[in-house]
Structures are given as C-alpha cells and as structure tokens.
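Every number here is computed from the coordinates shown, using simple stated rules; none is lab data. As the structure is a computational prediction, the values presented were derived from the model and not from experiment. A quick note on method: Cβ atoms are made from the backbone with ideal geometry, for glycine too, and the neighbour counts reach across all protein chains shown.
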Amino acid sequence: MKIIEVNDYQQMSTTAAEYIIEKVVQNPSIKLGLATGSTPIGTYQRLIEDHRKNGTSYQKVTTFNLDEYIGLAGDNQNSYRYFMDHQLFNYIDINNAKTNIPSGMAADLQEECNHYEDLLTKHSGIDLQILGIGSNGHIGFNEPGTSFASKTHIVELASSTIQANARFFNRIEDVPTQAITMGISTILKSKEILLLVSGEEKGEALFRLVNGEIHESFPASVLKNHPCVTIIADKAAIAKQRVYC
Ligand code: F6R
C-alpha cells in the first residue's frame, strides 16, 4: 500500500481527482468503481470543474457503484442513485446507460445481487475502484465480520453505520437498515484501488488498517492483500499514526 499524505480535505479531493483524470485520459473506456458518502464529494466536484474547464470526457467510461440502500427508489434523495446523479453524473458527459448501481427496489433482491456480480464479470471487472472507509473499518457496506470471500450481497447495516448515515436523513428511523453491497472479494478483484481518508474521526480506522492484522473483524484490512492500493489521507487522519509510529 502506498500512502500519499495531503494537508486537508481540499487537497485530498484535488489529488484524488487528478489521479482519476489521468487514468481516464490514459484509458477513455476505463471502468470506474465509485463510492458515495461525504468523503468523495470534493473529488467529484473537482472532476466536474475539470470536465467544464478542460473537457475531459466520460462518454466511454463505465461506472459501478459499491452499494445502494434497500427500499429507496432512485428518485429518493437519500438513495445512492440520486447522490451519484446529483453529485457527479448530471454534470459530466457520461452515458447514463453506462452507470451501474444495484437496485434496492428489485422484486428479487438476491437475483439483483447475482445480476450485479455477473455484470461486473461480463465487463471483466473494475479498473480503478474509489473507496471511503467507515470508522469501524467497513468498505462498501461490508461490516465487520463479513467474509473476505463475499460477493455482491444483502447486508444488515451496523447500528454505528446507521447512526453515522443518519446525518443525511430527517430522522434516524428513516435510515434504511439493509443495503446491497459489492462483496469484499468483488472489491478485491479491482485492478487498482484508491482509498480516500479524511478527518480525525477516521484516524483510528486508518491506524488499524496500516498497523493492524488482516482480519475479517476489520474489513478494510483485506486491502493489504491487494497488490495495487493507494491511500490518499489528510493530516488529520494521519495524526494518529504519528502518535504511535
Ligand atoms: C459509500 C460506502 C461507504 C463509505 C463509508 C465512509 O458508498 O460504501 O463504505 O465509503 O461509510 O463514508 P463517509 O465518506 O461518509 O465517511
């Protein structure tokens, strides 16, 4: 794992965007794995700015999102489809038909998981996967205890994750308790992974990722088994490392 240290959230976002843009320019048909949440918002804003200013094109790019809440339709403003449309897709020239997000409204949710996994296989997998990390080490919605062999599956969200995500909802009762997520083995099949970490509240998780053992109790630790992971972390998240190193 390579760690790029940056000053703050803004610099993390700029550095991540530059990294992604370079890959898109090198390979206009790149398959990108995308994350939602607070962490990548600044990165997506930089991608939009660059698209407007420099015309970087996403017409041939295919995207696969990590996860989606069960029970929220794409036009629900808390769904991850809505997030992606409004934080990125609507403002770049991407072909909507090439943006893939599991459907949390599918009649047969298990079938939807199988279909998503098959779709990834059919596209020969993701070239560059963008990840955030949960304070409990989750990646995607793979909560502690998830098998490293897991494929796209239905999850019960941990109460800490529900609480963390409640900030986007009017009431904590409105936060869905289930989601569909790419599995850990699905994520690990990506050719390259870019993990973004910002803020003191992620310091503990970053410390455990870098210094802890590889174990299913801390899902992100599996990234140490991947040959090509780059972490872009800001000083606030890294501060914890310094205390111990
Ligand atoms: C989002 C996702 C999650 C988030 C993680 C961090 O699609 O899969 O794993 O990356 O919960 O969320 P933020 O960035 O809001 O701290």
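Here are the numbers:
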{"read-out": "GNM result for the chain, Cα springs below 10 Å: residue of 168, 218, 64 fluctuating most strongly", "value": "168"}
{"read-out": "Dipole axis of the range 1-73 (+1 Lys, Arg; -1 Asp, Glu on Cβ), positive-most option in 64, 27, 51", "value": "27"}
{"read-out": "Top of 181, 62, 121 by mean-square fluctuation, Gaussian network on the chain, Cα under 10 Å", "value": "121"}
{"read-out": "Length added when fully stretched, residue 122-residue 1, from 0.36 nm per residue minus Cα-Cα", "value": "40.8 nm"}
{"read-out": "Amide H contacts under 5 Å for residue 131, placed H, 5+ residues apart", "value": "194, 195, 196"}
{"read-out": "Antiparallel content of DSSP bridges confined to the range 7-195, in %, to 5", "value": "40"}
{"read-out": "Listed residues 40, 102, 144, most fluctuating in the chain (Gaussian network, C-alpha, under 10 Å)", "value": "144"}
{"read-out": "Residue exposure sequence - 50, 8 - by fewest surrounding Cβ within 10 Å", "value": "8, 50"}
{"read-out": "Normalised contact order of the chain, rounded percent, pairs of Cα under 8 Å and 6 or more residues apart", "value": "25"}
{"read-out": "Cα lying deepest toward the dipole's positive end in the range 142-245, options 231, 153, 199, charges on Cβ", "value": "231"}
{"read-out": "Subset of 60/151; 60/202; 23/202; 60/235; 23/224 violating a 29 Å alpha-carbon distance limit", "value": "60/202; 60/235"}
{"read-out": "Mean shadow area of the range 116-176, taken as a quarter of the surface of its Cα convex hull (nm²)", "value": "5.2"}
{"read-out": "The chain, helix-only ellipticity at 222 nm - DSSP H runs n ≥ 4, -39,500 (n - 2.57), divided by all residues, nearest 500", "value": "-10500 deg cm²/dmol"}
{"read-out": "Shape of the range 107-245, Cα gyration tensor, a/c cut at 1.5", "value": "oblate"}
{"read-out": "Per-residue HN-Hα couplings for the range 138-151 [Karplus 6.51, -1.76, 1.60; θ = phi - 60°; Hz; x = Gly/Pro]", "value": "5, 10, x, 10, 7, 7, x, x, 5, 5, 5, 8, 5, 9"}
{"read-out": "Dipole-positive endmost among 217, 106, 39 within the chain (Cβ charges, Cα centre)", "value": "39"}
{"read-out": "Antiparallel bridge percentage (DSSP; both residues within the range 86-245; nearest 5)", "value": "35"}
{"read-out": "Electrostatic dipole magnitude of the range 24-112 [Cβ: Lys, Arg +1; Asp, Glu -1; Cα centre; debye, to 20]", "value": "500"}
{"read-out": "5 Å-binned pair-distance histogram of the chain (Cα, whole percent)", "value": "1, 7, 14, 19, 21, 19, 13, 6, 1, 0, 0"}
{"read-out": "Test item: Cα-centred dipole of the range 7-195, Lys/Arg +1 and Asp/Glu -1 on Cβ, debye", "value": "460"}
